[in-house]
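The values are calculated or read from the model by the stated rules, or taken from the named source; none is laboratory data. No experiment lies behind these values; they were computed from the predicted model shown. Cβ placement follows ideal geometry from the backbone for every residue including glycine, while neighbour counts extend to all protein chains displayed.
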């Protein structure tokens, strides 16, 4: 799996975290969930529903069953606080968990806050 985000963004803007999940195991994954851990200074900026919930800084997206060889991309929008100083680094990560496999952590990603108008 791979988590991506913009390398640079402006304070007060909205960014999108994107996580590609691929089941390369020999077993179907049941009850699969993606948990995106938003950094301090970022807050969820989307809509919740049957498959997406927010618990503090964690955004939980329920994918459901992920068959052998299947993949899915999950996207989570986050609003950045307007008071973030230029040069601030926002570190985010994600975990994929299911009822039939151990949790797997993603690569970390960093977004650096630029000066307004310079991203």
Check: How many of the residues making up the stretch 48-61 are loosely packed, with under 14 Cβ neighbours inside 10 Å and within 17 Å of residue 18 (Cβ to Cβ)?
Finding: 1
Check: So is residue 81 out of contact with any helix residue (DSSP H, G or I) (no Cβ under 7 Å at 6 or more places or on another chain), surrounded by fewer than 16 Cβ atoms within 10 Å (Cβ to Cβ) and modelled with pLDDT of 95 or more or not?
Finding: yes
Note to self: Within the stretch 90-111, take every residue that is in a strand (DSSP E or B) and over 16 Å from the mean Cα position of the chain (by Cα) and give me the one that is surrounded by the fewest Cβ atoms within 10 Å (Cβ to Cβ).
What the structure shows: 102
Margin query: Take the residues in the stretch 35-46 that are under 12 Å from the mean Cα position of the chain (by Cα) and surrounded by 18 or more Cβ atoms within 10 Å (Cβ to Cβ); name whichever of them is nearest to residue 81 (Cα to Cα).
Written below: 42
Note to self: Being at pLDDT 95 or above, within 20 Å of residue 107 (Cα to Cα) and either touching a helix residue (DSSP H, G or I) at 6+ places or on another chain (Cβ under 6 Å) or not in a loop (DSSP other than H, G, I, E, B) (or both): is that true of residue 61 here?
What the structure shows: yes
Margin query: Take the conditions closer than 30 Å to residue 11 by Cβ and not in a loop (DSSP other than H, G, I, E, B) and apply them to residue 32. Does it pass?
Written below: no
Margin query: Out of the residues in the stretch 64-76 meeting the condition of being exposed (fewer than 15 other Cβ atoms within 10 Å of the Cβ) and either at pLDDT below 95 or touching a strand residue (DSSP E or B) at 6+ places or on another chain (Cβ under 7 Å) (or both), tell me which one is nearest to residue 5 (Cα to Cα).
Written below: 75
Next item on the list: Using the structure shown, decide if residue 32 is in contact (Cβ under 8 Å) with a residue 24 or more places away in the chain, surrounded by fewer than 17 Cβ atoms within 10 Å (Cβ to Cβ) and under 18 Å from the mean Cα position of the chain (by Cα).
Entry: no
